[in-house]
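Report on the following structure.
What follows is calculated from the coordinates using simple rules that are stated; it is not laboratory data. Keep in mind the model is a prediction, meaning the values are calculated, not measured. Cβ atoms come from the backbone with ideal geometry, glycine included; neighbour counts cover every protein chain shown.
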Amino acid sequence: MTAAPATGTATARDGQRRALVVGATGIAGSALVEKLTAEGWPVLALSRTPGAERDGVRRLSADLTSAESLAAVLAPENPTHVFFTAWSRRDTEEENISVNAGMLRDLLAALRGKDVAHVALMTGLKHYLGPFEAYAAGEMADTPFHEEEPRLPVPNFYYAQEDELFAAAAEQGFTWSVHRSHTVIGHAVGNAMNMGLTLAAQATLCRESGEPFVFPGSETQWNGLTDMTDAGLLAEHMLWASTTPAAADEAFNIVNGDVFRWRWMWPRLAAYFGVEWEGYAGAPRPLEQAMAGREDQWAELAQRHGLAEPRLDRVASWWHTDSDLGRDIEVVTDMGKSRDAGFTGYRRTSDAFLSLFDRYRADNLIP
């Protein structure tokens with residue numbers, strides 16, 4: 001029997017709203033845990049490995065790729081609002097679909113029969129750009145990207161996740177929202193896609209070696225307009241949609257609300273770290289090549305400065321930053337749908353970068 005439709009403001013049978021954050025140690029998940037606890041929500045923070053303890057948060061550990069593990073861990077829990085931010089990178093899009101759609105399907109199955117009112121799913125602009133193995137390779141919509149654009153005619157794990165979400169919502173009676181972010185910068189370590197910490201590591205290594213801070217990407221990215229998503233703003237957006245009836249059962253883009261050119265941003269990042277910089281110089285200079293073999297340098301630097309993370313592969317995700325900055329297309333995103341629905345959150349991207357770098361320093365991730 002299908003449950004009656006829920007509303008985003010619903011509470012559990014005991015009158016208490018409870019959040020479940022899936023992928024709670026990642027960039028988006030960490031920001032959500034912070035935002036929800038600041039707003040007074042009790043939080044279940046689910047991840048493969050538990051994160052740091054904090055007031056108002058109960059850490060749950062499960063293998064997200066195992067239906068049995070998820071069912072066992074979630075059996076005694078009864079969240080009202082679910083925030084799904086986890087993903088697992090695989091070698092092919094077929095594998096990405098199988099694993100990532102499967103994680104969401106199994107998670108929602110483990111919550112069947114509980115008081116779930118709303119599920120918020122984080123995806124991204126690969127909804128419009130295509131998956132990594134066909135990234136920006138076919139015909140795409142004009143920028144800025146709008147939510148009503150049709151799906152591309154290629155397999156995409158974001159589409160598969162959406163389909164799992166829609167099917168479970170129809171069966172189980174909760175409302176949903178989808179949040180399509182651009183490059184997300186935030187505070188997390190060991191994340192597979194972390195441009196903020198990656199650029200901080202690059203600049204730190206360049207300063208230690210007396211090398212210039214080199215822009216690694218394409219001419220199009222250097223000169224064209226772009227935008228980004230601050231993890232704190234993404235958390236605000238997901239919480240807003242999950243508790244605003246007008247935002248129920250909708251997909252939304254979520255970016256900071258400003259646009260910039262890397263030729264403007266790059267010198268400002270360099271100035272923060274006190275390094276000379278070089279812009280685009282006729283061809284991309286990918287970080288995967290330029291930063292190869294720097295593990296020992298980082299380990300020595302970390303020991304000398306007493307840094308919290310001595311492993312460079314847990315600090316920098318060179319491949320992801322190369323992918324974003326190496327694109328030969330302009331990528332900007334429309335926020336009109338969210339504005340019309342009442343979301344007014346905003347970040348200035350340059351301020352988001354610099355405040356993030358300050359936090360990395362305060363947490364001893366960079367010297």
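Here are the numbers for this structure:
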{"item": "Alpha carbon centroid spacing (whole Å) that separates the stretch 25-39 from the stretch 160-193", "result": "15 Å"}
{"item": "Cut-off 14 Å between beta-carbons: net charge of the residues surrounding Gly306, Lys and Arg +1, Asp and Glu -1", "result": "-1"}
{"item": "Residues Met193, Met228, sorted so that the one with the fewest Cβ neighbours within 10 Å comes first", "result": "Met193, Met228"}
{"item": "Which of Pro310, Pro153, Ala86, positive extreme of dipole for the chain (C-beta unit charges)", "result": "Pro310"}
{"item": "Contour excess over end-to-end distance, with Cα ends at Glu276 and Asp142 and 0.36 nm allotted per residue", "result": "44.7 nm"}
{"item": "Mean ellipticity per residue at 222 nm, deg cm²/dmol - from DSSP H runs of n ≥ 4 across the chain, formula -39500 (n - 2.57)", "result": "-11000 deg cm²/dmol"}
{"item": "Relative packing of 168-177, 349-358, which averages over residues the other C-beta atoms within 10 Å, highest first", "result": "168-177, 349-358"}
{"item": "Entry for mean projected area of the Cα convex hull in nm² (calculated from the structure that is shown) out of (1) 19.4; (2) 17.7; (3) 28.4", "result": "(2)"}
{"item": "Qualifying lysines (Cα of each under 23 Å from Cα of Lys126; at least 8 residues distant if same chain)", "result": "Lys337"}
{"item": "Where labels lie 7 Å past Cα in the beta-carbon direction, separation of Glu171 and His305 in nm", "result": "4.9 nm"}
{"item": "Rounded to the nearest 20 debye, dipole of the chain from Cβ charges on Lys, Arg, Asp, Glu", "result": "960 debye"}
{"item": "Virtual spin-label span in nm between Ala290 and Asp340, 7 Å along Cα→Cβ", "result": "4.1 nm"}
{"item": "DSSP-defined beta bridges in the chain - what % are antiparallel, rounded to 5", "result": "5 percent"}
